[in-house]
Amino acid sequence: MSINAGDHATLGAVYNGQGVNFAVFSENATKIELCLFSADGQREVTRLVLPEQTGPIWHGFVPGLKPGTLYGYRAYGPYEPDRGHRFNPRKLLADPYARAFRGYWSSGKEMLGYEPSGHYTNTQPSQIDSAPFVPKSVVPDIERLWSGAPGPRREWNETVIYEAHVKGLTQLHPDVPAELRGTYEALGSDAVISHLKGLGVTALELLPVHTFLNDGFLVDRGLTNYWGYNTLGFFALEPRYFGPNGADGFRQAVDRLHAEGIEVILDVVYNHTAEGDHRGPTLSFRGLDNKAYYNLQASHARYYVNDTGCGNTLAINHPFVLRLVLDSLRYWVTVMGVDGFRFDLATVLGREHHGFDLHGGFFDAIRQDPVLSRCKLIAEPWDIGPGGYQLGSYPADWGEWNDKFRDSTRRFWRGDAHSAQELAGNFLGTASVFDRPGRRTTSSINFVAAHDGFTLADLTRYREKHNEANGESNKDGHGNNLSDNCGVEGDTDNPDILERRALRVRNLLATVFLSQGTPMLLAGDEIGRTQRGNNNTYCQDNEISWINWASADNDLLAFAQNLIALRSNTPVLRQSRFLHGRIRNDGNPDVSWSGLDGGTLNWRDPSLDGFCLHLRGEAEGSFSPEGTALIVVNGNEQPKKLFLPDPGPGLVWQRVLDTAEPDTEPVDVVDRKRQCASAHSVSLFVGKAAVS
């Protein structure tokens, strides 16, 4: 089998009808071999030295080679960990640009690039050939651009995000065909789409679907990596969710979701890889060019910068690592059809040598990219590195997970003192954090529960975490959950406690969906899903994590559907501009506050537990929402007299929501001076034309 120079322009394996071009990045290797394997991946058929190097790109073209061929790389160079180099040609390496893999990764010593010893030093390279123990990269067919239904391209202020796990969402759904449960195809099934549309969801945000590995320590415990934040292949779908149609099943699901007006957002992990710290396996990046792909400690290059808490940190500020990330993102948009991305530990992506930089290379590259600049982009705005907490510091058109919203909302409805003031700010898009030049209220991704932490139901069932099933002596997971069990830890038959919990869940949901910003709902929270008090189910691929549709709380589902519909039909609840009490042309402020009794609020009162928020359209700007709305919050355990402000000329108030009476139909207010705010509740009134 022959090989010629080929082309360096496109990284990865590219079939052109006459053969396959291979190109891989390494600026410190001295030689790279292409290894081709038999169809079953068990036998290495031949090795070919990549004959050309253009800059740091090694490349070669193999005439006659076909799609489906299995391959890998072996990289030669110094094995000098103290200088950051970990080349070992005995380790078969995955192509960073591989579109698919065949086989499974082992977690044994065969994967290690060093020779382990009783006293760990990893100074000697391993002599074991890893090829029999690793998957092989697969040559893809000629790549075709997305031709399915175009993305809906929803405006941010029309967006309702639903965070879900492919398997967790579909594995136990009785109306999903049995052969599709837990697969990509299931996401596009009639049952799932019917639920999402009925709920009012406009964007499905999926936990990682890039190829990832099961951590060795989890395998030893008989567990698995469920969430998927352990990526190795940034272009390849995780095969454990393949259904009858393999990767095409994902495209088919995206196509169906688009056709029904639902966007698809991927949770992506470009901050670290599955190779872990200096004790981890050599699978791809470490063996191809450890010093280029990873940030290493300046004082001792044997060890990795660990801004992620996962053992290593990708060197996004290296031009070819940045190129890898951008090429991957564009692939998922232009070939697989997705509409946006949620970036795990996104501060890593914006950290330059001098620290986090809004104008750093990654953000600048995204801004000028004609494909990616049009996507929905969401940051998890923190990591554990220096200056890692960056809430409110991302580009104007990004959304950010707002943990301040999450925590202050939990505190208030738990009954904590001094919490009403922050809750009030939540209703206006957390302006104290996000109101910066060019930013909108929709920058704040508002949520009270996500995959990491308690579910919404468990926030009201458990005071303490119960992670014993994880095998870490309940030491893992966050210890400060701002939760409350309402009187009994876990399950109970006490009707008073059950009603108290149900009311608190409705209050938490109402706060999310009545606030300015972009709401996000954790899958299953709308039907009362519990994880039995486990707030760190990263390793629980079982009934602890899967949504149990058979036990759905249909009353809660109906409440959530109504709440989301109210938001959709009431434009003043989802304004894009921040409201600060500016005077409109009609002489009224765009927002005003009052006490439940109609008096002036004392924001310095530590016992403050209620308020009225009167919303009108913006005072300026081209977007001017119609109507007016009043949000009434009573955090007290007793009902209170309520004095409603004047809704405006020709209008009367209509109560359309009361979390304490969720089944009540909309009621016109006859006497706005003689109303009552239900105990521990949120109410919504909207202005409607008075009948003459």
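Here Gly108 meets each of (1) farther than 17 Å from Lys31 by Cα; (2) over 35 Å from the mean Cα position of the chain (by Cα) with one exception, condition (2). The set of residues in the stretch 1-19 that are over 35 Å from the mean Cα position of the chain (by Cα) and part of a strand (DSSP E or B) comprises Asn4, Gly19. Scanning the stretch 69-106 for residues that are among the aromatic types (Phe, Trp, Tyr), open to solvent by 10 Å² or more (accessible area, probe 1.4 Å) and touching a residue at least 40 places away in the same chain (Cβ under 8 Å) yields Tyr76, Tyr79, Tyr97, Phe101, Trp105. Which residues, taken from the stretch 463-488, are in contact with a Phe, Trp or Tyr (Cβ under 7 Å, 6 or more places away or on another chain) and within 21 Å of Phe405 (Cβ to Cβ)? The answer is Asn481, Ser483. The set of residues from the stretch 622-677 being under 23 Å from Leu509 (Cα atoms), among the hydroxyl-bearing types (Ser, Thr, Tyr) and open to solvent by 50 Å² or more (accessible area, probe 1.4 Å) comprises just one member, Thr664. Across the stretch 128-139, a minimum of one residue is classified as surrounded by 22 or more Cβ atoms within 10 Å (Cβ to Cβ), more than 32 Å from the chain's Cα centre (by Cα), within 27 Å of Arg323 (Cβ to Cβ) and among the hydroxyl-bearing types (Ser, Thr, Tyr). Taking the stretch 144-163 as the range and being of a type outside the set (S, T, N, Q) and touching a Ser or Thr at 6+ places or on another chain (Cβ under 9 Å) as the test, the residues that pass are Leu145, Trp146, Pro152, Arg154, Glu155, Trp156, Glu158, Val160, Ile161, Tyr162. Please specify each residue of the stretch 215-239 satisfying the condition of being surrounded by fewer than 18 Cβ atoms within 10 Å (Cβ to Cβ) and among the charged types (D, E, K, R). Of everything in the stretch 215-239, those that are surrounded by fewer than 18 Cβ atoms within 10 Å (Cβ to Cβ) and among the charged types (D, E, K, R) turn out to be Asp220, Arg221. Condition (residue is basic (Lys, Arg), at positive phi and surrounded by fewer than 23 Cβ atoms within 10 Å (Cβ to Cβ)) applied to the stretch 174-187: is it met by at least one residue? No, that holds for no residue.
With Val160, Val201, Val219 as the choices, which residue is touching a Pro at 6+ places or on another chain (Cβ under 6 Å) and farther than 18 Å from Trp546 by Cβ?
Val160
In the stretch 467-478, the qualifying residues are those that are surrounded by fewer than 19 Cβ atoms within 10 Å (Cβ to Cβ) and assigned to a loop (DSSP other than H, G, I, E, B), and the one that is nearest to the chain's Cα centre (by Cα) is His478.
For the stretch 91-100, does any single residue satisfy the condition of being of a type in the set (Lys, Arg), in a loop (DSSP other than H, G, I, E, B) and touching an Asp or Glu at 6+ places or on another chain (Cβ under 6 Å)?
no
Residues in the stretch 130-144 that are closer than 15 Å to Phe22 by Cβ and not charged (D, E, K, R): Ser137, Val138, Val139, Pro140.
Screening Ala396 on (1) small (Gly, Ala, Ser); (2) touching a strand residue (DSSP E or B) at 6+ places or on another chain (Cβ under 7 Å); (3) open to solvent by 10 Å² or more (accessible area, probe 1.4 Å) shows it passes everything except condition (2). Applying the criterion of being touching a Ser or Thr at 6+ places or on another chain (Cβ under 9 Å) and of a type in the set (Gly, Ala, Ser) to the residues of the stretch 404-419, the residue that is nearest to Phe447 (Cα to Cα) is Ser408. Screening the stretch 572-593 for residues that are assigned to a loop (DSSP other than H, G, I, E, B) and among the hydrophobic types (A, V, I, L, M, F, W, C) and picking the one that is surrounded by the most Cβ atoms within 10 Å (Cβ to Cβ) gives Leu579.
So which residues in the stretch 479-499 are loosely packed, with under 15 Cβ neighbours inside 10 Å and farther than 15 Å from Arg532 by Cα? Across the stretch 479-499, the qualifying residues are Gly479, Asn480, Gly487, Asp493, Asn494, Pro495, Asp496, Glu499. Of the candidates Ser117, Ser147, Ser194, Ser137, the single residue that is in a helix (DSSP H, G or I) and of a type in the set (Ser, Thr, Tyr) is Ser194.
Let me confirm something: among Asp435, Asp484, which residue is under 30 Å from Gly581 (Cβ atoms) and among the acidic types (Asp, Glu)?
Asp435
Screening His418 with (1) open to solvent by less than 10 Å² (accessible area, probe 1.4 Å); (2) farther than 29 Å from Asn312 by Cα; (3) in a loop (DSSP other than H, G, I, E, B) gives one miss only, at (1).
Selection of helices (runs of 4 or more DSSP H) fully inside the stretch 283-373 by the criterion of at least 2 residues being within 28 Å of Arg154 (Cα to Cα) and either open to solvent by 20 Å² or more (accessible area, probe 1.4 Å) or among the polar types (S, T, N, Q) (or both) returns 319-334, 361-368. Which of (1) open to solvent by less than 20 Å² (accessible area, probe 1.4 Å); (2) outside any strand (DSSP E or B); (3) more than 27 Å from Arg144 (Cβ to Cβ) is the odd one out, the single condition Leu65 does not satisfy? Only one criterion is unmet by Leu65, namely (3).
Could you list all residues from the stretch 40-61 that are within 36 Å of the chain's Cα centre (by Cα) and under 21 Å from Trp105 (Cα atoms)? Within the stretch 40-61, Asp40, Gly41 qualify. Looking across the stretch 241-260, the residues that are open to solvent by 40 Å² or more (accessible area, probe 1.4 Å) and without any contact (Cβ under 8 Å) to a residue 60 or more places away in the chain come down to Phe242, Asp248.
Under the condition of being of a type in the set (A, V, I, L, M, F, W, C), open to solvent by 40 Å² or more (accessible area, probe 1.4 Å) and under 20 Å from the mean Cα position of the chain (by Cα), the residues counted in the stretch 147-173 number 1. When the stretch 514-553 is limited to residues that are in contact (Cβ under 8 Å) with a residue 60 or more places away in the chain and in a helix (DSSP H, G or I), the one that is most open to solvent (accessible area, probe 1.4 Å) turns out to be Ala550.
The values are calculated or read from the model by the stated rules, or taken from the named source; none is laboratory data. This is a predicted model, so every value here is computed, not measured. Using ideal geometry, Cβ is built from the backbone for each residue, glycine included, and neighbour counts are taken over all protein chains shown. Quick note on the areas: whole protein, heavy atoms, side chains included, nothing else; ligands and nucleic acids left out. Shrake-Rupley method; radii C 1.70, N 1.55, O 1.52, S 1.80 Å.
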